[in-house]
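The values are calculated or read from the model by the stated rules, or taken from the named source; none is laboratory data. The structure presented is a predicted model; accordingly, all values stated were derived computationally and were not measured. Cβ: placed from backbone, ideal geometry, glycine included. Neighbour counts: every protein chain shown.
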Amino acid sequence: MSQFHKLNPFKSPIPSIITKSSTSNPVHSSIINEPGSLNPLTNLTTLLSFCAKTKNLRLGQTIHASILINGFLNKTSSFLNSLINMYSKCNQIQTSRFLFDNSSIKDNVSWNSIISAYAKLGTKTSYGEVFQLVYRMHRFGYAFSDYTLSSVLNACCFCVDDNCFYGRLIHGFGIKLGLDFNVVVATALLDMYAKSGCLRDAVRVFEGFDLKSKNDFMYNAMIAGFLRGGLCCENAREAVRVFNEMRRMGVKCSKFTFSSVVKACVGNGDFEVGRQIHGQVLKNSLEGDEFVASSLVDLYSFFGEIDDGLRCFEMTPKLDVVSWTSAIAGCVKNGKFENGLSLFYRFLADGRKLDEFIVSSVMGACADMAAARTGEQIQGYALKFGVADFTVVKNTQICMYAKSGDIDSARNTFQETEKPDVVSWSVMICSYAQHGFAKESLRLFELMTVSGIVPNQITLLGVLTACSHGGLVDEGLGYYETMKKDYGMAANVKHSACIVDLLGRAGRLEEAQRFIYDSGFEDDPVLWRALLGACKVHKDTEMGKRIADKVIELEPHEAASYVLLYNLYNDVGKKKHALEVRKLMQDRGVKKEPGISWIEVGNTVHTFLVDDRSHPISELIYSRLGELLAKIKEISFDNEKLAFYISETEQSGTVRMSHHSEKLAVTFGIISLPISAPVRVMKNLRVCSDCHTTMKLISKVEKREIILRDAIRFHHFKDGVCSCKDYCVDNEYFGTTVGVLPCSWTFEPITLMKNRTKVLKMLITNTRDLLFGDLTEHFQLTKFKELTIPPHYGKFENSSSLSYVSLMASQTLLSSPSLTHAALIVLQIAKEFIFTSILPLSSPSLRFNSPRRREEI
């Protein structure tokens, strides 16, 4: 029988209170009374070391009892030191401190053991105890060793002080003792300086050693030190340089070395070096280590090679939660959301416990897929495992609800967050902006600044997006200047694109062009494409052609630029030029991305293409869509055509436009969802004007809320009105962008009208149904001249057809809060049109002054 089995105390009951004689104790008997036993001191200290390693507190307490019974504790300090170490390793620091304070035979090892125990606890209180013990140790005349200084320096890493005061104090004391060139102390010093943000001091300590004196611990500490402050490119290059030096000197690399240097390759953006280091990992047979595997997964997912990253993941025999989080986050980052969710379900099937980071990653996948129901299930798991209240989980939950179209749940989650950080505020501000609630976004930003939270670049991007989507030109320009002056932030491409879009939508095209040249991003196609979109809105073909040539030169294979130019020519009637653009696309092999819309019903995501008939209930969908279009026609005066704003070249495709993917998805949602549930549809492209108008009318006739997310923003359709206030639709009549009216309304074009009474009657006729009666019943025509035009409606400068006047009047009716208000505005517009003798002649367009800036024709 082995010596360990002879000494196993679990062969007999463990006494709770030690009252028996020494001969009745099994451990004592096996050690003291058995002939041929080893030295009892050696046996007990060895067993205590075993208990410390395995954290076996019960066995350690039994051995402690034997020591007390036999009176060994006060004979030598080795028992005291072993007991202090064992209890501290078993998280019984108070017992260790009791033994230390009540012992009269303390030596240097005793002091080092208790100091090390407190240093490893990692709490603010424990670090204070470390410094108190060091002070007492020095006062009582005990000599400091390299082990003492390394423990104290480890505590200094986490002390919040100015310029590493305590660390420098211990550094000076080490120099005084001649221990500054001790490898153990030097490693602790550079680690302390690196963790405290004093990287230059860490480099000085590292460079102070000659190459032959440096060991693997110093190299690992220095490589990790370069990566402490984030993966900036310069520090990452230095980390790779130190790794190369380590290899040249023949120092053996460990798993910590490879794990750190792979992260450095991510920060350096050097994929080839990362692959070479992966080869070294294979050569050293470390590919099965979970730390190295997690770093390799991060490497491959960062560079878009997620399949290789997943191979590294699958080759790891022992997977921890960090490995799973890296794999799931990599799938989400590379757009493989289904794979990420599949890994998450595997993680749960293995019986593993969730943490806040893996929940955040999986919720990110649900956010990008706009899968609200699946996200709610993940939220349930987070509540079950007690991680739902972490701020990082709340932030992703806000994003998930916002991207799924449920802005109310996103707002509620934000309000439930106990300690919102800058990410929480930024996500909520950006969510409001994307949903078209510009005022709420700006109001939240002001509340954020009042709360003392310093905004970052994402926050300001959300604010500028809100101004762009809301048409708030002056406010947007003001916040842009505030970002640079008050917060010292340099604008990036996205900030500049918001300003270009803001100016372009307001018709200030020349100013937007000058801004691009002054921004320093004149070679970025994103800004020019935003300006090209503004040229399309305002039908400026001359500038649009120049801008399109610039964008196509920068990105010759990007379909969006060709499509914008094609639509620009098509809208102004230049069919020949439009066909030339389409031919150019075909010659260069540029293909437009097909439009796809999807909707989540239950636990299933249903996808639709244009004129798609692959759905199991496609016949029912098309039948219901036909009924909806018929209802839309019933609210118009003429049933001649459904698409009011479709150029003649596209009239043949009207039926196909009626079967756009978003219309099919919305119809399926109306069929499948209860009346009280909003219909949430996602689309990969920007919604067209015809579908935008149709959604407004469907929401009115069906009394349903429709939420549509396109490539730009969210549209909330309710009672015939969109949250974007039709600002995003590419049709312009009055200097600012206005929405397309119900598609089936038609107005008689007039080239000359001398009888003003007839003009007024036509205007009244075109609006009578929305006023629920004849306007003459509400207002006497004799009082018509007494009405005045509010200053925010401006004046007509040119006109081409009375149809545009009726169009503006009808648009006003759709957005007016009351019937009386609508009727008054209609008559005001009619008065301005008739009594200023500006009659429609043959001008091609009609403009209306913006309340912020008078536009020239």
Considering only region 228-238, I want to know if a residue exists there that is buried (at least 24 other Cβ atoms within 10 Å of the Cβ) and under 21 Å from Y193 (Cα atoms). no
In region 701-711, which residues are touching a residue at least 40 places away in the same chain (Cβ under 8 Å) and either surrounded by fewer than 21 Cβ atoms within 10 Å (Cβ to Cβ) or at positive phi (or both)? V701, E702
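Can you confirm whether S404 is crowded, with 22+ Cβ neighbours inside 10 Å, in contact (Cβ under 8 Å) with a residue 12 or more places away in the chain, small (G, A, S) and closer than 30 Å to L299 by Cβ?
Judged against the criteria, S404 is not a match.
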Using the structure shown, decide if G386 is at positive phi and over 19 Å from the mean Cα position of the chain (by Cα). yes
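Tally the residues that are in a helix (DSSP H, G or I) and either under 50 Å from the mean Cα position of the chain (by Cα) or under 21 Å from R139 (Cβ atoms) (or both), restricting the search to region 50-80.
11
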State all residues of region 538-566 that are closer than 24 Å to G595 by Cα and more than 31 Å from the chain's Cα centre (by Cα); if no residue qualifies, say none. A548, L565, Y566
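Residue check: is E648 surrounded by fewer than 14 Cβ atoms within 10 Å (Cβ to Cβ) and either within 36 Å of the chain's Cα centre (by Cα) or at pLDDT 90 or above (or both)?
So E648 fails the test.
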Output yes when any residue across region 129-141 is within 18 Å of Y193 (Cα to Cα), out of contact with any strand residue (DSSP E or B) (no Cβ under 8 Å at 6 or more places or on another chain) and charged (D, E, K, R), and no when none is. no
Name the single residue, out of those in region 244-264 being over 16 Å from F291 (Cβ atoms) and of a type in the set (A, V, I, L, M, F, W, C), that is surrounded by the most Cβ atoms within 10 Å (Cβ to Cβ). M246
If we scan region 36-49, do we find a residue that is farther than 27 Å from N108 by Cβ and modelled with pLDDT under 90? yes
Cβ-Cβ distance below 8 Å, separation of 6 or more or different chains: which pairs start in region 500-522 with a residue that is closer than 19 Å to E542 by Cβ and end on one that is of a type in the set (D, E, K, R) and assigned to a helix (DSSP H, G or I)? L503/E511
Among residues belonging to region 139-153 that are out of contact with any Phe, Trp or Tyr (no Cβ under 9 Å at 6 or more places or on another chain) and of a type in the set (S, T, N, Q), point out the one that is nearest to V184 (Cα to Cα). S150
At least 3 residues that are closer than 29 Å to H557 by Cα and of a type outside the set (S, T, N, Q) in each: list the helices (runs of 4 or more DSSP H) lying fully within region 460-539 that qualify. 493-505, 509-519, 525-538
Within region 456-490, can you find the residues that are among the small types (G, A, S), at pLDDT 90 or above and touching a Phe, Trp or Tyr at 6+ places or on another chain (Cβ under 8 Å)? G462, A466
Matching residues, region 195-222, being more than 16 Å from T257 (Cα to Cα) and among the aliphatic types (A, V, I, L, M): L199, A202, V203, V205, L211
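Residue-wise test of (1) touching a Lys or Arg at 6+ places or on another chain (Cβ under 8 Å); (2) surrounded by 16 or more Cβ atoms within 10 Å (Cβ to Cβ); (3) more than 22 Å from Q586 (Cα to Cα); (4) among the aliphatic types (A, V, I, L, M).
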site: L509; (1), (2), (3), (4): no, yes, yes, yes
site: Q513; (1), (2), (3), (4): no, yes, yes, no
site: Y517; (1), (2), (3), (4): no, no, yes, no
site: G520; (1), (2), (3), (4): no, no, yes, no
site: K536; (1), (2), (3), (4): no, yes, no, no
site: G544; (1), (2), (3), (4): yes, yes, no, no
site: K550; (1), (2), (3), (4): no, yes, no, no
site: E553; (1), (2), (3), (4): no, no, no, no
site: A560; (1), (2), (3), (4): yes, yes, no, yes
Only one of these conditions is not met by K576: (1) under 28 Å from I552 (Cα atoms); (2) surrounded by 13 or more Cβ atoms within 10 Å (Cβ to Cβ). Which number is it? (2)
Kindly establish whether L565 is buried (at least 19 other Cβ atoms within 10 Å of the Cβ) and in a helix (DSSP H, G or I). yes
Can you report the number of residues in region 678-694 which are aliphatic (A, V, I, L, M) and surrounded by fewer than 24 Cβ atoms within 10 Å (Cβ to Cβ)? 1
Is it fair to say E593 is closer than 30 Å to E376 by Cα and touching a residue at least 40 places away in the same chain (Cβ under 8 Å)? no
